[in-house]
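Remarks on the structure that follows.
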Amino acid sequence: MKNIMSRYEFLEKYPDEQAAAEFFEQRRWGDIPQCPHCLSRNTARIKNAKPMPHRCRECRKHFSVRTGTIMERSKIPLHKWLMAIWMLHTARKGVSSIQMAKDLGISQQAAWFLQHRIRESMIEEGHPISGTFEIDETYIGGKEKNKHRRKKKKLGSGPVGKQAVLGFRNRRNSTVRAYPIPNVRRQTLHAEIARNVQDGSTIYTDEMSSYDKITGVNRVSINHSAGEYVRDDAHTNGIESFWALLKRGYHGTNHWWSVKHIHRYVAEYTHRQNAGPGNTPDVLALTFDRMIGIRLTYRELVGQP
Ligand SMILES: [Zn+2]
């Protein structure tokens, strides 16, 4: 199955604003638009009524496919939104806001805000699942140094200027959950594992003592410092390759992530990992699904948390 849509194919399939609007509308509503305010299907299409091409006959409000989505207050054309989603699924290491600005013909600030709104929709809140997991923690930010040497001295919140990120890779389907955590103390890690992993599961971790004395799961510890990286299934190579990809993105594409925004960048990488390779219309549609019912204003984005 071909899962890559080239830029040429994308533009052939979605040549203009109308094609993009039809893509979003079809995905959200099917053939009959639904009022986002009162959920009535008794609606009318108004000709040439930008930016609100639909009117609800029940509640009389006007709406568009943006209403109630993360695109609601945006003045960026839908065609550019769709292309931005396509771009984020096309580059495995992400797309810089500078590159996106050039490709979409918008300012870098507009591209940065647009990207963060798409990333916001990619944040996933998971419930505990059962299975076999590789669990690992890493640090994002600043200069990369030898990871395992650093682990020995880190306690609590870790190196200055770096953000701890915890990751879970499900061995069954290679999906990844990852997000920033305040520190790597035992209490924190045990709570996060309980939030993501069902009792009875098997987890592979490194030898860090914060994982010690975990209950409910079968923990297999890998002793990196003894040079023991792979012992049959006893490894964390999968989650470590995810970290490698994330860090190539951090260093090569996005250059610098403020601690305040790291959770959104990480969400972009996990979302892309979990959507699987490719950028077909189905993949784009799944991402649009997540943009419904979400808001992120510029003020929230740049303001202090
Ligand atoms: Zn209505």
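A short reminder: the numbers here are calculations on the coordinates, not readings from a lab. Model, not experiment: these values are computed from the prediction. Cβ sites come from the backbone with ideal geometry, for glycine too, and all protein chains shown count toward neighbours.
Sparsely packed loop sites in the stretch 1-59 (the trypsin sites (Lys or Arg not before Pro) outside DSSP H, G, I, E and B with at most 16 other Cβ atoms within 10 Å) comprise Lys2, Arg41, Lys47, Arg57. Between amide H atoms placed 1.01 Å from N, distances below 5 Å from Val220 occur with Ile203, Tyr204, Thr205, all of them 5 or more places distant or on a separate chain. Placing dummy labels 7 Å off each Cα toward the beta-carbon, the span from Ile98 to Ala44 is 5.2 nm.
Take every Cα pair under 8 Å in the chain that's 6+ residues apart, average their separations, divide by the length, and report that relative contact order as a whole percent. Relative contact order here is 22 percent. Within the straight-line cut-off of under 16 Å between alpha carbons, the aspartates and glutamates reachable from Lys247 are Asp136, Glu137, Glu144, Glu268, sequence neighbours fewer than 8 places apart in one chain being disregarded. Rounded to the nearest 0.05, the FRET efficiency derived from the C-beta distance between His251 and Lys13 at R0 = 35 Å is 0.55. Springs between alpha-carbon pairs under 10 angstrom, Gaussian network model over the chain: which of Asp16, Asp103, Asp232 fluctuates most? In this elastic network of the chain, the residue with the biggest mean-square fluctuation among Asp16, Asp103, Asp232 is Asp232.
In the structure shown, the pairs Lys47/Lys80; Lys47/Lys102; Lys50/Lys80; Lys93/Lys162; Lys75/Lys162; Lys93/Lys260 are assessed against 24 Å; a Cα-Cα span above that value is assigned to Lys47/Lys102; Lys75/Lys162.
Modelled spin-label separation between Glu58 and Ile123, with each label point placed 7 Å from Cα along the Cα-to-Cβ direction: 3.1 nm.
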